[in-house]
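Below is one structure, written out as structure tokens; comments come after it.
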Amino acid sequence: MLKYFLIYFFLLLGCKLSLAQEALVDSLLKQLPKQNDSLRILSFLKLSEITATKSYEKAVQYGQIALEIALDKKYDWAEAAALYQIGYVEYNKSNFAEALDYYIKALKISERLKDKLTTATYTNAKGMIYLRIGNLEEALNAFNEALFLSQKMDDKNLEATSLNNIGNVFFTKKDYEKALHYYEQALQRRQRTNDLSGIAASTNNIGITLSRLEKYQEAILFLERAVEISKKIQNYSNLSASLDNLGDIYTTLQQYDKATTHLQKAFHYAKISNNKNRILESYQSLAHYHEKTQQLDSAIFYYQKFIQLRDQIYNEEKSKQIAEMQAKYQLNKQTIENERLLNASELQNTTLQNQRIFIATILIASSLILVFLGVLVRSNRQKTKLNKILTEQRDIIEQKSAEIQGQNQKIMDSIRTAQTIQNAILPFEQEMKQTLSDYFIIYEPKDIVSGDFFWLTQVPPYTLAAVVDCTGHGVPGAFMSMIGYVLLNEIVHVQEITEPQKILNLLHKEVRYGLKQYETRNTEGMDVALCRWQTDDNGKIQFLYANAKRPLYYFAQNQLQEIQGNRLSIGGLFQETFDRSFEQHNLTLQKGDRIYLTTDGITDLPNPQRKSLGEHQLKNILTATAQLPIKQQQIEIEKMLQQFRQNTDTRDDITLWAIEL
């Protein structure tokens, strides 16, 4: 049975550790008298982080000093950071009840401060506690909550950490396909930010998951990549874990020369890292390897080392367990030796020997049961303490939840009222049927209300149509959409301007003036696709188009054609005069030709791998369906988009308006 060492990820506050830790400690201690309170707190937190690998006692002491200063100066942010750091040290000591208590206290403060970054970080940490004690559902809830917050902030590093931890939950559940999916998602985010430490962790976890799926050659490639990166950045703890995993795979493949080479290297780097848990795991791997290769003396030696270090970490009796394990493997060794030298003369006393073996086995089993019961009692005590904390937190959460639900209901009622108002400004179906020859529209707000809107009006002999994408989505986008709607109607119906180019020129001025962008840092704006058409005396359609960053797709003469969007937007913060001029395009089209007005939400539509649909694929979809009746085209396009996205949440509001002239 292979042992696998996942790389678990905390997102620690502060900067990364320096390689010259001793020098850094000395430097920080010397600077303390010269620093103000905020810097002293950060220095003590950094000292706690550095010393945690060598002395838990010192690490907690430094964290407590930071906490005392924060409490004295009433720095809430620093109090939360200190509580988190102390909790992290307790977690590394396997004091999970104490760690959870510190994390929850830190989380309460960050939520009160409405600090999404630290809230997500502490929520991830809370999830790690649940994962380590086997409460997988609570762990998954915590990691999903942290993922949601990180996506709201568009923080790729924190998002990757949450995805990695979700993968660890599914790995623990032995759902390796799902685990692999989340590890790959985490790797993609870390590659975007060039987070080498994170890339090494993700490639390691992908490697061991592939091993569980018995894809050993692929697993080796990923683990070798993890080794290469960890060595480059001198992260010796992760380097040791990846080498250990390679050694176990080579043991399974019976490539023993490679196995022993990698396992010895893993042990070497574990000692350099001074990470006791990593050294413990390395001893376990070496014992497992020597046991499998029938090198029982060496297996006993490494199991002894494993037990000694484990007892040192967890403060358990050493001599008793070493004796038990030694007796067990001495017995196995003797059994194998007897089988190899078996002959009639040597085994005359077989019955007596078997009785002795049976009695020895019973004694060993009894001893092991006693040890197990001791561990179980210790675990139950810890779980009892955890349950007490969880019960208290549950009561608080239920009370707060009721309050939040009431507030949320009021907010949702207001937003739904806003949705009703926004829907009222969109062209009604009856109006579109009377005005347009034929059409379809795909309109999908990301939230309840939208930053996209479509607009239709007639000023005989002209028909005008527009699709507008306002900055943002949800409530902020909806506010901008109302401004855009009012201004378009005023320009066309009050000022009687109908040329698309002139409409956009004036719309830009009005937005900048209305939002006072010439004197503030307000950068809100909108992208617009605006067209006007009329049928001339010869039955041809004279079509004018102007845009702010939006292309026009149109199907004419049996081919899809495009007018590319320009680089100018409506509104926004620009160092320029108001004399901005948008380009106008003149086309002559035929009855039955189709135009397609879009917002960028459709090209940004993601698939499960978070890859966008893109303009190229959108044009392919339009071309493939353009010869169909327009209602059938809508059905096919919606089907193709669904096949691409597979129920993945959208990044933005989506609008695609097809009009048959």
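The values are calculated or read from the model by the stated rules, or taken from the named source; none is laboratory data. Quantities reported herein were computed from a predicted structural model and do not represent experimental measurements. Every residue, glycine among them, receives a Cβ derived from its backbone with ideal geometry; neighbour counts consider all protein chains shown. For accessibility, only protein heavy atoms count, side chains too; no ligands or nucleic acids. Shrake-Rupley method; radii C 1.70, N 1.55, O 1.52, S 1.80 Å.
Which residue is nearest to the chain's Cα centre (by Cα), if the candidates are limited to the stretch 185-196 and must be free of Cβ contacts under 8 Å to residues at least 60 places away in the same chain and in a helix (DSSP H, G or I)?
We begin by selecting, within the stretch 185-196, every residue free of Cβ contacts under 8 Å to residues at least 60 places away in the same chain; these are 186-187, 189-196.
Remaining after also requiring in a helix (DSSP H, G or I): 186-187, 189-192, 196.
Working: 186: 6, 187: 10, 189: 8, 190: 10, 191: 13, 192: 12, 196: 16 Å.
Among those residues, the one meeting the criterion is 186.
For the stretch 215-226, check the following and say yes or no: at least one residue is in a loop (DSSP other than H, G, I, E, B), in contact (Cβ under 8 Å) with a residue 12 or more places away in the chain and under 20 Å from residue 275 (Cβ atoms).
Going residue by residue through the stretch 215-226, those that are in a loop (DSSP other than H, G, I, E, B) are 215.
From what is left, the residues that are in contact (Cβ under 8 Å) with a residue 12 or more places away in the chain are none.
No; the residues of the stretch 215-226 include none that is in a loop (DSSP other than H, G, I, E, B), in contact (Cβ under 8 Å) with a residue 12 or more places away in the chain and under 20 Å from residue 275 (Cβ atoms).
Name, by its number, the condition in (1) in contact with a Ser or Thr (Cβ under 9 Å, 6 or more places away or on another chain); (2) part of a loop (DSSP other than H, G, I, E, B); (3) small (Gly, Ala, Ser); (4) over 28 Å from residue 639 (Cβ atoms) that does not hold for residue 481.
Only one criterion is unmet by residue 481, namely (2).
Looking only at residues that are open to solvent by less than 10 Å² (accessible area, probe 1.4 Å) and part of a helix (DSSP H, G or I) in the stretch 624-661, which one is farthest from residue 453 (Cα to Cα)?
Out of the qualifying residues, it is 625.
For (1) in contact (Cβ under 8 Å) with a residue 40 or more places away in the chain; (2) basic (Lys, Arg), each residue gets a yes or a no:
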site: 105; (1), (2): no, yes
site: 131; (1), (2): yes, no
site: 139; (1), (2): no, no
site: 142; (1), (2): no, no
site: 164; (1), (2): yes, no
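What do you reckon, is residue 160 at pLDDT 90 or above, among the small types (Gly, Ala, Ser) and touching a Lys or Arg at 6+ places or on another chain (Cβ under 7 Å)?
Against the criterion (at pLDDT 90 or above, among the small types (Gly, Ala, Ser) and touching a Lys or Arg at 6+ places or on another chain (Cβ under 7 Å)), residue 160 qualifies.
Return yes or no: is residue 448 open to solvent by 80 Å² or more (accessible area, probe 1.4 Å), over 30 Å from residue 661 (Cα atoms) and either at pLDDT 70 or above or acidic (Asp, Glu) (or both)?
When the stated conditions are applied, residue 448 does not pass them.
Please state which one of 178, 174 is assigned to a loop (DSSP other than H, G, I, E, B), under 22 Å from residue 209 (Cα atoms) and open to solvent by 20 Å² or more (accessible area, probe 1.4 Å).
174
Return a yes/no flag: does the stretch 419-431 have any residue that is modelled with pLDDT of 85 or more, under 27 Å from residue 552 (Cβ atoms) and surrounded by 15 or more Cβ atoms within 10 Å (Cβ to Cβ). Walk me through how you get there before you give the answer.
Start the filter on the stretch 419-431 by keeping residues that are modelled with pLDDT of 85 or more, which leaves 431.
Within this subset, residues satisfying the condition of being under 27 Å from residue 552 (Cβ atoms) are 431.
Pick out the ones that are also surrounded by 15 or more Cβ atoms within 10 Å (Cβ to Cβ) and you get none.
Within the stretch 419-431, none of the residues are modelled with pLDDT of 85 or more, under 27 Å from residue 552 (Cβ atoms) and surrounded by 15 or more Cβ atoms within 10 Å (Cβ to Cβ).
State whether one or more residues within the stretch 65-82 are more than 17 Å from residue 101 (Cβ to Cβ), touching a residue at least 40 places away in the same chain (Cβ under 8 Å) and part of a helix (DSSP H, G or I).
Yes: one or more hits.
Look through 486, 459, 494, 449 and report the one residue that is closer than 30 Å to residue 649 by Cα and among the β-branched types (Val, Ile, Thr).
449
Report yes if residue 602 is within 40 Å of the chain's Cα centre (by Cα), more than 23 Å from residue 512 (Cα to Cα), buried (at least 16 other Cβ atoms within 10 Å of the Cβ) and in contact (Cβ under 8 Å) with a residue 60 or more places away in the chain, otherwise no.
yes
Could you pull out the residue among 62, 91 that is in a helix (DSSP H, G or I) and under 26 Å from residue 156 (Cα atoms)?
Testing whether each residue is in a helix (DSSP H, G or I) and under 26 Å from residue 156 (Cα atoms) leaves just 91.
Which members of the stretch 86-106 meet the condition of being surrounded by 23 or more Cβ atoms within 10 Å (Cβ to Cβ) and among the aliphatic types (A, V, I, L, M)?
Within the stretch 86-106, 86, 89, 99, 100, 106 qualify.
Given (1) open to solvent by less than 60 Å² (accessible area, probe 1.4 Å); (2) more than 22 Å from residue 154 (Cβ to Cβ); (3) assigned to a loop (DSSP other than H, G, I, E, B); (4) not aromatic (Phe, Trp, Tyr), where does residue 621 come up short, assuming only one miss?
(3)
Can you go through 238, 245, 205 and tell me which one is within 19 Å of residue 165 (Cβ to Cβ), open to solvent by 10 Å² or more (accessible area, probe 1.4 Å) and in contact (Cβ under 8 Å) with a residue 60 or more places away in the chain? If you could, list the steps in order and put the result at the bottom.
Values: 245 fails: open to solvent by 10 Å² or more (accessible area, probe 1.4 Å); 205 fails: open to solvent by 10 Å² or more (accessible area, probe 1.4 Å).
The match here is 238.
Yes or no: the stretch 591-600 includes at least one residue that is aromatic (Phe, Trp, Tyr), at pLDDT 95 or above and not in a loop (DSSP other than H, G, I, E, B).
Scanning the stretch 591-600 turns up at least one residue that is aromatic (Phe, Trp, Tyr), at pLDDT 95 or above and not in a loop (DSSP other than H, G, I, E, B).
Take residue 497 and decide whether it is buried (at least 17 other Cβ atoms within 10 Å of the Cβ), free of Cβ contacts under 8 Å to residues at least 12 places away in the same chain and of a type in the set (A, V, I, L, M, F, W, C). I'd like the intermediate steps shown before the answer.
Numbers: buried (at least 17 other Cβ atoms within 10 Å of the Cβ): yes; free of Cβ contacts under 8 Å to residues at least 12 places away in the same chain: yes; of a type in the set (A, V, I, L, M, F, W, C): yes.
The answer is yes for residue 497.
Could you tell me how many of the residues in the stretch 220-235 are surrounded by fewer than 22 Cβ atoms within 10 Å (Cβ to Cβ) and either of a type in the set (Asp, Glu) or within 17 Å of residue 250 (Cβ to Cβ) (or both)?
Adding up the residues that qualify gives 5.
Please determine, by comparing only the residues of the stretch 454-485 that are of a type in the set (A, V, I, L, M, F, W, C) and without any contact (Cβ under 8 Å) to a residue 60 or more places away in the chain, which one is surrounded by the most Cβ atoms within 10 Å (Cβ to Cβ).
Filtering the stretch 454-485 down to residues of a type in the set (A, V, I, L, M, F, W, C) leaves 454-456, 459, 464-468, 470, 475, 478-480, 482-483.
Narrowing the set further to residues that are without any contact (Cβ under 8 Å) to a residue 60 or more places away in the chain leaves 455-456, 459, 470, 479-480, 483.
Working: 455: 21, 456: 18, 459: 13, 470: 29, 479: 18, 480: 23, 483: 17.
Taking the candidates together, the pick is 470.
Residue under question is residue 48, and the condition is that it be assigned to a helix (DSSP H, G or I), out of contact with any Lys or Arg (no Cβ under 7 Å at 6 or more places or on another chain), at pLDDT below 85 and not charged (D, E, K, R); does it hold?
Spelling it out, residue 48 is indeed assigned to a helix (DSSP H, G or I), out of contact with any Lys or Arg (no Cβ under 7 Å at 6 or more places or on another chain), at pLDDT below 85 and not charged (D, E, K, R).
Quick one: would you say residue 645 is modelled with pLDDT of 95 or more and among the basic types (Lys, Arg)?
Considered against the rule, which asks whether it is modelled with pLDDT of 95 or more and among the basic types (Lys, Arg), residue 645 comes out as no.
Only one of 57, 79 is at pLDDT 85 or above and either in contact with a His (Cβ under 6 Å, 6 or more places away or on another chain) or open to solvent by 10 Å² or more (accessible area, probe 1.4 Å) (or both). Can you tell me which?
Of the residues listed, the single one that is at pLDDT 85 or above and either in contact with a His (Cβ under 6 Å, 6 or more places away or on another chain) or open to solvent by 10 Å² or more (accessible area, probe 1.4 Å) (or both) is 79.
Only residues that are in a strand (DSSP E or B) and open to solvent by 50 Å² or more (accessible area, probe 1.4 Å): list them for the stretch 507-533, please. Lay out the reasoning, then the answer.
Step one: of the stretch 507-533, the residues in a strand (DSSP E or B) are 525-533.
The answer is none; no residue qualifies.
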